[in-house]
Amino acid sequence: MPQSLAKILVHTVFSTKDRRPFLRDTALRQELHHYLGGILKKLDCQPIIVGGVDDHVHLLASLSRTCTAAEMVKEIKRGSSLWVKERDAGMQGYGWQNGYGMFAIGASQIEDVRRYIAEQEQHHCTLSFQDEFRLLLKRYELADDDRYVWD
């Protein structure tokens, strides 16, 4: 077969630096989510949904066959950090945590994950980012070390 094809669906999660609630402003948060989707498109990673709350984001996208997972996250964080700081001079301290979580999902899970991301505000009325992330790690059977996972 002369062509290379891939459909790799990933649910990516990362927080703001020190989980600071930089994204309290709903309008800024929505613009940022839209901007993140644009970065994904430029990387040839098709965004399905981008969402989150004041201290973290969730991205559901298909990973391009030519873009590595680490490259995708690096470019999303770099580009969006610059954009936020240029957009608002009061956000010079803005940044993302060093790490991230990325979880592969199957095509049959798209609607469940899309709904989960769309309902982040309601979800976080009762659950912190840290507890949510621990649940995701447990669901995907990933071990973590609390000394390093929250940097």
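Summing Lys, Arg as +1 and Asp, Glu as -1, what charge do residues with Cβ under 11 Å from the Cβ of L63 carry, L63 excluded? Combined, the nearby Lys, Arg, Asp and Glu give 0.
Counting other Cβ atoms within 10 Å, keep those with at most 14, restrict to DSSP loop, and tell me which trypsin sites (Lys or Arg not before Pro) in segment 1-73 are left.
Working: sites: K7, K17, R19, R24, R29, K41, K42, R65; in loops: K7, R24, R65.
Answer by residue number: K7, R24, R65.
In terms of its C-alpha gyration tensor, segment 1-119 comes out prolate, because a/c is 1.5 or above and the ratio a/b outweighs b/c. For segment 27-151, the carbon plus sulfur part of the accessible surface works out to 49%, probe radius 1.4 Å. A Cβ-based charge dipole, computed about the Cα centre of the chain with Lys and Arg at +1 and Asp and Glu at -1, lands at about 380 debye. Straight Cα distances below 23 angstrom link K42 to the lysines K7, K74, K77, K85, with same-chain residues fewer than 8 positions distant left out.
Using Cα pairs under 8 angstrom and six or more residues apart, how large is the relative contact order of the chain, in percent?
Details: 202 pairs, mean separation 47.8, N = 151.
Averaging sequence separation for qualifying contacts and normalising by length gives 32 percent for the chain.
Modelled this way, with points 7 Å down the Cα-to-C-beta line, the labels at A104 and R19 are 2.9 nm from one another.
For segment 9-96, the relative contact order is 35 percent, taking Cα pairs closer than 8 Å that sit 6 or more residues apart in sequence and dividing their mean separation by the residue count.
The sum of -39500 (n - 2.57) across all DSSP H runs of n ≥ 4, divided by the residue count of the chain, sets its helix-only mean residue ellipticity at 222 nm to -12500 deg cm²/dmol.
The values are calculated or read from the model by the stated rules, or taken from the named source; none is laboratory data. Please read all numbers here as calculations on a predicted model, not as lab measurements. Ideal geometry is used to build each Cβ from the backbone, glycine not excepted, and the neighbour counts take in all protein chains shown. To get the accessible areas, we keep the full protein, side chains included, count just its heavy atoms, and leave off ligands, DNA and RNA. Shrake-Rupley method; radii C 1.70, N 1.55, O 1.52, S 1.80 Å.
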